[in-house]
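See structure below.
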Amino acid sequence: MNKSALNLKKKILELTSEYYQVAHRDRTPFVPGKSRIPYSGRVFNEEELINLVDSSLEFWLSYGRYSKKFEEKFADFIGVKHFSLVNSGSSANLLAFMVLTSDKLRERKINRNDEVITVAAAFPTTIAPIVQYGAVPVFVDIELGTYNIDVSLLEEALTKRTKAVMLAHNMGNPFNVDAVKDFCKKNNLWLIEDNCDALGSKYRGQYTGTFGDIATSSFYPPHHITMGEGGGVYTNSSELSQIINSLRDWGRDCWCSSGKDNTCRKRFGWKLGELPSGYDHKYIFSHFGYNLKATDMQAAIGCAQLNKLQKFSDSRSKNFKFLYDQLKEFEDIFYLPHATPDTNPSWFGFVLTVREDSGFTRKDIIDSLEKNNIQTRMLFAGNLLKQPCFDSMREKGGGFRVAGSLNMTDYVMNNTFWVGVYPGMDEIRLKTIVDCIKNFVSNNLNNK
């Protein structure tokens, strides 16, 4: 880049910082009951804008230097050997599962009609790849309070066809990793950790996403860090990482980065499949893959966000504690959330489940919260099997299996909701949530 271009770029980036201060700093006063309190949202400053503009000026739109930098920084932060950036958390889950269907894994590959143990109180894209491939999800019930799999039911779900366990650390709260890992090891099963809602959470001092064979993250705006759209797949296995990148990059056998040729130094020296000897390695495909790459501009935002992840996690924990301390007097009204033993969650939200004898319904209280401009959310799909996407499968009576009952899952579907703890919250907003809940409960008790 010539000197004139460098000077112009410097001015543009200085103006970008100034633009953030003028256009994006929210100076609107907060008014309880009138100002909106979202369940989550993007938290950023001039650093993200500067990186974004810097990347756009280079106009390298696909995988580039920021993508490589983000992959290296993320892997180093969380403590894994390999990280692959993709265009969404849903794509990450798709890749994480489809990797295990590769013929390269020989007898350990997942085949159609093989079984994968999971839960129905989940986000649909944890389950979708299993169903879409033609494997069989086996649903196990959850626990109230942690909202994770009830590990005492794992053995009941096991058959000779079981090949894997695919679970999310629900709402940032790690599942019982020791029990799940021991079960997988004993039965030679793959473990996929959906870490999309738990980035920064720890189990026995180690980050979630580092215990399974493969893990995934999402960088959609409500998540712990964001690049708008975006996600990632990570592993300590070089073999799995190579398959991940092949599937992400159209299914090609070549591993050259965008814009690079002949990394293997034998580009025209391969003999694979029934292709003629010397066929261009950049156009040899070892899998039926996809194009799931993110753009370098997204990665540029992610690099700035990643620097703030620990601070964001600390804020989530602080906000969660505030809500818990203020609402623990209502433990006879709600099932309050609690961390799995030996964990330090980076909470995704604050989950409340209305007890049977509370005298009101979930709809009653969320109507009150929403009327006071406090955004609420359900615990994702509630019971995924009751969703319209399962209608045809239920009618045909096949394609999935339930181990035992889903009583707690159904209870959550009918009685659970959550409010935000994201870093954009401050004490006045948290106190507004608390006051609204307390006023609702008080009025409800007085009217009994």
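Read-outs: derived from the displayed coordinates by stated rules, not from any lab. This one's a predicted model, so the numbers in the text were calculated from it and none came from an experiment. For neighbour counting, all protein chains shown are included, and Cβ atoms are generated from backbone atoms with ideal geometry for every residue, glycine included.
Quick rundown of the values:
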quantity	calculated
Given charges at Cβ of Lys, Arg, Asp, Glu: region 57-167 dipole, positive-most of Ala157, Ser84, Ile130	Ser84
Under the Karplus curve 6.51 cos²θ - 1.76 cosθ + 1.60, θ = phi - 60°, whole-Hz ³J(HN,Hα) for region 428-443, x wherever Gly or Pro sits	5, 6, 4, 5, 5, 4, 4, 4, 5, 5, 5, 5, 4, 4, 4, 4
Loop trypsin sites (Lys or Arg not before Pro), region 10-61, which have at most 16 other Cβ atoms in a 10 Å radius of their Cβ (DSSP)	Arg25, Arg27, Lys34, Arg36
Point-charge dipole on Cβ atoms (K/R +1, D/E -1) for region 280-337, about Cα centre, debye to 20	300 debye
Rounded to the nearest 20 debye, dipole of region 53-306 from Cβ charges on Lys, Arg, Asp, Glu	940 debye
Neighbourhood net charge (10 Å Cβ-Cβ; Lys/Arg +1, Asp/Glu -1) for Asp280	+1
The chain: most fluctuating residue of Cys254, Cys264, Cys184 per GNM, C-alpha cutoff 10 Å	Cys264
Rg and Dmax of region 309-446, Cα atoms only, in Å	17.0, 52
Stokes-Einstein diffusion coefficient of region 31-170, Kirkwood radius over Cα pairs, 37 °C, 0.692 mPa s, in µm²/s	176 µm²/s
Where Rh is the Kirkwood radius over Cα pairs, Rg/Rh for region 111-249	0.94
Check: the chain dipole with +1 on Lys, Arg Cβ and -1 on Asp, Glu Cβ, in debye	1160 debye
Taking the chain and dividing mean pair separation by its residue count, relative contact order in percent (alpha carbons under 8 Å, at least six apart)	22 percent
Formal net charge of residues neighbouring Gly200 (Cβ-Cβ distance under 12 Å; K, R +1; D, E -1)	+2
Lys/Arg +1, Asp/Glu -1 at C-beta; the chain dipole; positive extreme among Tyr422, Asn319, Leu49	Leu49
Relative contact order %, region 53-306, counting alpha carbon pairs below 8 Å whose residues are six or more apart	25 percent
Other-chain or far-sequence residues with amide H under 5 Å of Val136's (modelled H)	Asn113, Asp114, Glu115, Val116
Partner aspartates and glutamates for Lys185 [C-alpha distance under 17 Å; skip if fewer than 8 residues away on the same chain]	Glu107, Glu115, Glu155, Glu156, Glu193, Asp213
Percent of beta bridges antiparallel (DSSP, the chain, rounded to nearest 5)	55 percent
Proximal lysines to Lys68, defined as alpha-carbon separation beneath 21 angstrom and excluding residues fewer than eight positions away on the same chain	Lys81, Lys260, Lys282, Lys293, Lys308
Identified option (computed Rg and Dmax of the Cα atoms in Å; candidates [x] 20.7, 64; [y] 23.7, 83; [z] 22.0, 72)	[y]
Lysines with Cα under 17 Å of Lys181, excluding same-chain neighbours fewer than 8 positions away	Lys163, Lys202
Value at 222 nm in deg cm²/dmol, rounded to 500, when DSSP H runs of n ≥ 4 in the chain each add -39,500 (n - 2.57)	-11500 deg cm²/dmol
GNM flexibility winner over the chain from Ser201, Ser55, Ser257 (Cα, springs under 10 Å)	Ser257
Sparse-neighbour loop sites [GluC sites (Glu not before Pro); region 210-291; at most 14 other C-beta within 10 Å; DSSP]	Glu274
Within a Gaussian network of the chain (alpha carbon springs, distance under 10 Å), most fluctuating of Asp194, Asp150, Asp103	Asp103
